[in-house]
Amino acid sequence: MATTTITNSQIFKHHLDRLKSSTLNKFTLASLPEWITTNTSINGELYSFHDHEYQIEISSDASRETIIRKCSQVGISELSARIALALCAITRGYTVAYTLPTAGFASTFMKTRVDPIIQGSPYLSSMLEGEVDNTEVKKLGESFLYLKGAQSSNAPISVPCDHLVHDEVDFSDPEVLSQYQSRLTHSKYKRKTKLSTPTLPNRGIDYEFQRSRRKFNMVRCNHCSHYFIPDYFLHVRVPGFTGDLREIKKTNLHKYNYVDAYVECPKCGGKPSLQPQHRKWVVENPGDNFIASGIQVTPFDAPNIITPGYLVESSTQYKRYVDFINFGLGLPTVDSDATLTQSDVDACV
């Protein structure tokens with residue numbers, strides 16, 4: 001009986017070794033979406049881009065630098081973890097340094113996001129080296145994935161890297177993030193990914209986004225074929241309401257039929273479909289020679305998950321409306337109530 005068990009184990013190991021070898025030869029940066037859906041799972045089923053089709057554009061972008069300006073709760077961090085693991089799996093000797101705002105956040109991310117992905121993947125589990133498997137670093141075959149906090153008390157790792165992933169840039173210490181740059185010096189890949197919900201215009205992730213080839217997921221109206229970028233304040237309509245959407249508060253939300261809110265085409269006034277077959281990624285500034293590829297992700301990119309009605313309701317749940325614009329819509333904005341004007345400065349002097 002023991003002999004049979006050993007034999008079966010050897011057969012399984014041999015099969016995995018052959019699988020790894022074929023994977024290293026088959027997959028490239030451009031085919032990461034296929035690797036992710038073939039080798040990783042979620043909730044017991046193979047990972048799928050269904051209802052998150054916009055993620056295919058992100059995971060197949062082979063640019064040396066990728067900037068993602070995003071709204072919250074649309075699965076970008078989950079996807080980024082899968083991309084990092086996929087790169088470690090298909091590229092021999094590849095080292096990824098993944099940062100989050102704090103060391104505690106990084107540790108939690110490793111336990112709740114990275115570990116479940118590895119545990120749910122026979123391929124990744126077979127690559128995991130038990131002697132280097134903790135809340136800060138994973139060794140997958142000859143590759144490494146580090147997770148670190150990006151705050152003043154956390155020094156960057158002291159090993160060379162091939163890829164830096166900075167998650168939640170706007171809430172990380174910029175000086176610490178800049179120190180990681182030197183970790184790429186001896187890498188032939190020198191790849192960087194930066195993602196975050198934005199805060200102030202031309203700061204943090206918005207600063208990086210403005211200095212990239214900016215891609216937006218445009219809608220092609222299925223009624224008049226007009227292309228446009230969905231805008232919450234310009235295109236969302238609440239039946240029977242003609243005012244500014246900012247006027248809808250928690251105290252008067254019940255007076256409006258917000259559940260049936262919809263996106264209106266700015267040309268024909270129809271209700272265009274926001275489904276993937278009516279979407280197209282378009283570069284806003286194709287003539288610019290920026291190295292970075294910028295991707296804007298809004299709640300309209302996941303229409304089956306986040307409806308216009310939900311957005312209207314969500315806008316009333318934030319203590320500050322600026323937080324809804326930053327987190328709910330994924331756009332930078334200035335909080336007029338918290339901004340010093342020239343007259344304020346003069347008064348202080």
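The values are calculated or read from the model by the stated rules, or taken from the named source; none is laboratory data. None of the values given here were measured: they were computed from a predicted structure. Cβ: placed from backbone, ideal geometry, glycine included. Neighbour counts: every protein chain shown. Surface areas here come from the heavy atoms of the whole protein model, side chains and all, with no ligands, DNA or RNA. Shrake-Rupley method; radii C 1.70, N 1.55, O 1.52, S 1.80 Å.
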(message) Amide H of LYS192 versus every other amide H placed in the peptide plane: which residues, excluding those fewer than 5 positions away on the same chain, fall under 5 Å?
(response) GLU65, THR66, LEU164
(request) Using only the Cα atoms of the range 216-308, build the gyration tensor, take square roots of its eigenvalues as a ≥ b ≥ c, and label the shape rounded, prolate or oblate: rounded if a/c is under 1.5, else prolate if a/b is larger than b/c, else oblate. (result) prolate
(request) Return one quarter of the surface area of the convex hull spanned by the alpha-carbon atoms of the range 138-179, equal to its mean projected area, in nm². (result) 3.2 nm²
(request) In a Gaussian network model over the chain where Cα atoms closer than 10 Å are linked, find which of ALA86, ALA30, ALA150 has the largest mean-square fluctuation. (result) ALA30
(request) Quick one: work out the % antiparallel among DSSP beta bridges in the chain, nearest 5. (result) 40 percent
(message) Could you give each residue of the range 120-133 its phi-based ³J(HN,Hα) in whole Hz, using Karplus coefficients 6.51, -1.76, 1.60 with θ = phi - 60°, and x for Gly or Pro?
(response) x, 10, x, 5, 5, 4, 5, 7, 5, 8, x, 6, 10, 8
(request) For every helix of n ≥ 4 consecutive DSSP H residues, a contribution of -39,500 (n - 2.57) applies; sum these over the chain, divide by its total residues, and give [θ] at 222 nm rounded to the nearest 500 deg cm²/dmol. (result) -8500 deg cm²/dmol
(message) Once neighbouring chains are kept in place and the probe is 1.4 Å, which whole percent of the accessible area of the chain is contributed by carbon and sulfur?
(response) 51 percent
(request) Report the trypsin sites (Lys or Arg not before Pro) located in the range 39-122 that are in a DSSP loop and have at most 15 other Cβ atoms inside 10 Å of their Cβ, or state none. (result) ARG64, ARG92
(request) Note down the net charge around SER41, summing +1 for each Lys or Arg and -1 for each Asp or Glu among other residues with Cβ under 14 Å from its Cβ. (result) -1
(message) Give the separation of the Cα centroids, the range 244-315 to the range 29-68, in Å.
(response) 22 Å
(request) Kindly list the residues of the range 55-70 that lie in the label zone of ASN285, defined by a backbone N under 20 Å from the point 7 Å along the Cα-to-C-beta vector. (result) 62-70
(message) Please list, short to long, the whole-number percent of alpha-carbon pairs of the chain in consecutive 10 angstrom bins beginning at zero.
(response) 5, 22, 30, 23, 13, 5, 2, 0, 0
(message) Given the options ALA81, GLY93, PHE327, identify the residue whose Cα lies farthest towards the positive end of the charge dipole of the chain (+1 on Cβ of Lys, Arg; -1 on Cβ of Asp, Glu).
(response) GLY93
(message) Along the charge dipole of the range 129-222, pointing to its positive end and built from +1/-1 on Cβ of Lys, Arg, Asp and Glu, which listed residue (TYR189, HIS166, GLY130) has its Cα farthest out?
(response) TYR189
(request) Could you list which residues have their amide H under 5 Å from that of THR99, counting only those 5 or more apart in sequence or on another chain, with H placed in the peptide plane? (result) LYS148, VAL165, HIS166, ASP167
(request) Compute the Cα gyration tensor for the range 88-164, then decide on rounded, prolate or oblate, letting a ≥ b ≥ c be the square roots of its eigenvalues: rounded whenever a/c is under 1.5, prolate when a/b is larger than b/c in the other cases, and oblate in all that remain. (result) oblate
(request) Could you work out the local net charge near THR197, counting Lys and Arg as +1, Asp and Glu as -1, over the other residues with Cβ closer than 11 Å to its Cβ? (result) -3
(request) From largest accessible area down, sort CYS268, CYS71; use a 1.4 Å probe on the protein chains. (result) CYS268, CYS71
(request) Subtracting the Cα-Cα distance from 0.36 nm times the residue separation, let me have the gained length for LEU46 to SER225 in nm, one decimal. (result) 60.9 nm
